[in-house]
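Asks: Just passing along the structure, written as structure tokens.
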Amino acid sequence: DRPAPLQGRCALITAGPTREPLDPVRFIGNRSSGRMGYALAAALAARGAEVTLVSGPSALAPPALAGLVRVETASQMAAAVMERVAGCDLFVATAAVADYRPAAPASDKIKKDAAELTIRLVRNPDILAQVAASPARPFTVGFAAETERLEEHAAAKLRAKGLDMIAANRVGGEAGGFDADDNALVVLWPGGRRAFALMPKTRLAEQLADLIVERYLASLAG
Ligand code: PMT
């Protein structure tokens, strides 16, 4: 039997993309498949945690977990997370949450009468920042998806949101990132850093889960 260092602990994980409706049939979305988040959910469950996965639309079969909550929009994801976060020991935000949504989605299908169309967007709630700012917050792990200056941007997000840890990946390149089988990560925490080379997301999730366990247990030890 493998050791279960997270036995009796609960973990809440976001995964996949969000979809922000433009009208009843169209949305603004992104290329997240859910692979990274689903693999991490499975890896934390394998270490004994009671895992609840809050997932945006994904074609993947979900891993066997304590709970699966399917959502579509960032606002729904925020509500699902904030309802469940109290009393949770770990929170990991792997979801690619839309930063903006259409201000006023059309109630009927938008017609192509006009030569140009302008859509006004408004900011979505930042779920990770809300969790990090919540009272008695869980051990909070964010992701950072960057196309350039990976570590610099990730370190800024770690500081700005007051996270316990951030896992940064390069996106929009040839290998890794969105909708790929493989990924590479640079993980930062206050006073520490570890790099993981390009490998299948399932294996990467195992290694990241071990690091999360290590840092989480260290945080309990004070
Ligand atoms: O799903 P896959 O195809 O396997 O791809 C995996 C991935 C590339 C999507 C994943 O590894 C990843 O990087 N996820 C984070 C994507 C992202 O939106 O990063 P960001 O740098 O824009 O956001 C920073 C952090 O804030 C993330 O933890 C994000 O979940 C969180 N966030 C962002 C905006 C928002 N409104 N709410 C949030 O919680």
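We did not get these values from a lab; they are worked out from the coordinates using the rules stated. Note that the structure is predicted; figures quoted are calculated from it, not measured. Note that each Cβ is placed from the backbone with ideal geometry, even for glycine, and that neighbours are counted across all protein chains shown.
Asks: Please give the calculated 222 nm ellipticity per residue for the chain, where each DSSP H segment of at least 4 residues contributes -39500 (n - 2.57) and the sum is spread over every residue; nearest 500 deg cm²/dmol?
Replies: The per-residue figure over the chain is -8500 deg cm²/dmol.
Asks: Run the quick spin-label model on Arg203 and Ala133: label points 7 Å from Cα toward the beta carbon, then report their separation in nm to one decimal.
Replies: The modelled label-to-label distance comes out at 4.1 nm.
Asks: Determine the dipole magnitude for the chain: charges of +1 sit on the beta-carbon of Lys and Arg, -1 on that of Asp and Glu, nothing else is charged, the reference point is the Cα centre, and the result goes in debye to the nearest 20.
Replies: Details: 26 positive and 24 negative charges, 40 e Å.
With Lys and Arg at +1 and Asp and Glu at -1, about 200 debye.
Asks: Could you tell me the calculated FRET efficiency between Lys109 and Ala64, based on Cβ-Cβ distance and R0 = 45 angstrom, to the nearest 0.05?
Replies: Efficiency, rounded to the nearest 0.05: 0.70.
Asks: Only loop residues by DSSP count here, and only those with at most 13 other Cβ atoms within 10 Å; note down the trypsin sites (Lys or Arg not before Pro) in region 115-222 that meet that.
Replies: Qualifying residues, ordered by number: Arg120, Arg149.
Asks: Are there any GluC sites (Glu not before Pro) in region 84-160 that are in a DSSP loop and have at most 11 other Cβ atoms within 10 Å? List them by number.
Replies: Glu116, Glu148
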